[in-house]
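Below is one structure; the comments refer to it alone.
Derivation of every value follows stated rules applied to the coordinates shown; laboratory data play no part. Given the structure is predicted, the values throughout are model-derived calculations rather than measurements. Cβ sites come from the backbone with ideal geometry, for glycine too, and all protein chains shown count toward neighbours.
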Amino acid sequence: MTKKTTKVAGANAGSFTDLQKAEQEGALTMEEKLRLLYQLQTTDSQIDKILLLRGELPLEVEDLEDDIKGLATRVENLQKEIRGIEKDIASRRIDADNARVMAAKYEAQQGNVKNSREFDSLSKEIENQNLDVELAEKYIREFSILLKDRREKLEEAKTAHTERNKDLEVKNKELDVIVKETSKEEDALRKKADQIAGRIDNRVLSAYKKVRNNARNGLAVVTIKRGACGGCFNKIPPQRQLDIKMSKKIIVCEYCGRILVDPTFEE
């Protein structure tokens, strides 16, 4: 536990330096700065709870939108491939028809030959044309099987695309309901957070945001609870607890890097 949280605290070393430099800056007393930070944390936590109510819906909506885009691209590619296969089949049928016409022409000429050499030559041409017909028909059969497969896949993709759109519509409605129910409260809280943040100097605010972004539960400022950090629950020495109670300087947890404030701030 100690090793893991020490790493987190190390990652926030830059934030600690900024906080210590900011202690003497501005017209506010250190206790006022700490109270503002705690108010900002409380407000941000309320916003977090509202966002938590929405659960995984925003991510589900995003995933569905990505799926729909992917399926639309698949449908387009399959349609393009089907057009190409149909074009190939039509071309092979023309080749087969032309070969049959030529074979019939050579067969007709065989009745007017003057010698066996001409007859054999025409027979060879007829044989070649018949081979061309067989080859074209072979390709037509293979392409027809491929065409059937691609058409089936196209229908599957279209069906999936339609189903995903229906799912997206349902999820969007669910999300809209939750957003409408909480939008006024969220807007008010965000306005309050902006007002509080506007009273905090940039160095302290930047450090607060860094710690908050690194904290798993979004808590950058916590009170002492039963002699321990309210974020990571590691024990805090009595002398350090006294310093925190005095609110004369910014003190951070040596394990998790969160800013520590006196429990009376909760009142």
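Of note:
- Within the listed set L53, L189, L40, the Gaussian network model of the chain (springs between alpha-carbon atoms below 10 Å) gives the highest mean-square fluctuation for L53.
- GNM remark for the chain: springs join alpha carbons under 10 Å apart, and the peak mean-square fluctuation among L131, L64, L28 falls on L131.
- For the chain, DSSP calls about 60 percent of its internal beta bridges antiparallel.
- Rounded if a/c under 1.5, otherwise prolate or oblate - the stretch 87-154, Cα gyration tensor axes: prolate
- Residues in the stretch 90-109 that a label on F119 would reach, taking backbone N under 15 Å of a point 7 Å out along Cα→Cβ: 107-109
- Length available on full extension from Q239 to E65: 0.36 nm per residue minus the Cα-Cα distance, which gives 57.2 nm.
- Over all Cα atoms in the stretch 157-267, the spread is summed up by Rg and Dmax: 21.0, 69 Å.
- Cβ-based charge dipole, the chain, positive-most Cα from Q110, S144, M246: M246
- Anisotropy class of the stretch 57-182 from Cα gyration tensor, a/c 1.5 cut: prolate
- Normalised alpha carbon radius of gyration of the chain [divisor 2.2 N^0.38 Å]: 2.08
- Whole-Hz Karplus values for the stretch 196-203 come out as 5, 4, x, 8, 9, 5, 4, 5 Hz, taken residue by residue from phi with 6.51 cos²θ - 1.76 cosθ + 1.60 and θ = phi - 60°; glycine and proline positions read x.
- In the stretch 111-159, lysine pairs with alpha-carbon atoms under 27 angstrom apart (chain gap of 8 or more, or interchain): 5
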